[in-house]
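The values are calculated or read from the model by the stated rules, or taken from the named source; none is laboratory data. Just so it is clear, the structure is predicted and the values come from calculations on it, not from any experiment. Positions of Cβ are backbone-derived with ideal geometry, glycine not excepted, and every protein chain shown enters the neighbour counts. Ligands, DNA and RNA are excluded from the accessible area calculation, which covers all protein heavy atoms including side chains. Shrake-Rupley method; radii C 1.70, N 1.55, O 1.52, S 1.80 Å.
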Amino acid sequence: MSDHHSPKPAPTGPFVRIKDLSGGNGDEPVEDIRGFATAADAATFARRYVRDSMERCRTPGASAEAVLAAWFAFGEDAEALDLDGEHWTSAAEIRGFAEKPARGRTERDWRALDPRRHLANEDDDTAGEGDGA
């Protein structure tokens with residue numbers, strides 16, 4: 001049973017699962033984000049979400065190992081899943097993310113792909129986030 005105790009119905013298309021690596025939620029995901037048109041959209045969102053989380057953990061002059069350690073301690077991971085079996089996980093890319101800082105905003109701009117951005121009356125608790133490069 002993998003409903004993660006969610007009152008929401010089972011996913012019917014591509015979705016992204018967010019996990020808090022700090023351990024505050026144990027192994028349970030923080031959130032499942034639904035509403036992506038394609039598996040590719042969900043994968044791009046997840047990739048950018050992880051990239052943004054990694055950059056938030058980066059401090060000036062930190063080695064790749066230090067960035068990775070900070071991300072595993074304080075960051076957020078994401079995986080894109082699809083009922084057809086397509087998926088994206090960060091495992092193949094996190095070392096590269098740690099070694100090379102993002103080159104621009106686009107690599108981190110998951111908000112542009114967030115299907116929730118169109119929902120009316122959604123609380124905006126991200127004001128001021130992502131203002132840096």
task = Could you please tell me which pairs satisfy a Cβ distance under 8 Å, a separation of 6+ or placement on different chains, a first residue in region 62-75 that is in contact (Cβ under 8 Å) with a residue 12 or more places away in the chain and crowded, with 18+ Cβ neighbours inside 10 Å, and a second residue that is of a type in the set (D, E, K, R) and assigned to a helix (DSSP H, G or I)?
result = LEU68/ARG95; GLY75/ARG56
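For the structure I just gave you, tell me whether HIS87 is open to solvent by 30 Å² or more (accessible area, probe 1.4 Å) and touching a Gly at 6+ places or on another chain (Cβ under 9 Å).
Details: open to solvent by 30 Å² or more (accessible area, probe 1.4 Å): yes; touching a Gly at 6+ places or on another chain (Cβ under 9 Å): no.
No, not satisfied.
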ask   = Among the residues of region 17-30, which ones are of a type in the set (Asp, Glu) and not in a loop (DSSP other than H, G, I, E, B)?
value = ASP20
request  = Tell me, please, whether a residue that is modelled with pLDDT under 95 and in a helix (DSSP H, G or I) can be found in region 31-40.
outcome  = yes
task = State whether the residues of region 26-42 include one that is hydrophobic (A, V, I, L, M, F, W, C) and within 19 Å of ARG105 (Cα to Cα).
result = yes
note = Among residues of region 104-120 being farther than 14 Å from VAL50 by Cα and of a type in the set (D, E, K, R), the residue least open to solvent (accessible area, probe 1.4 Å) is ARG116
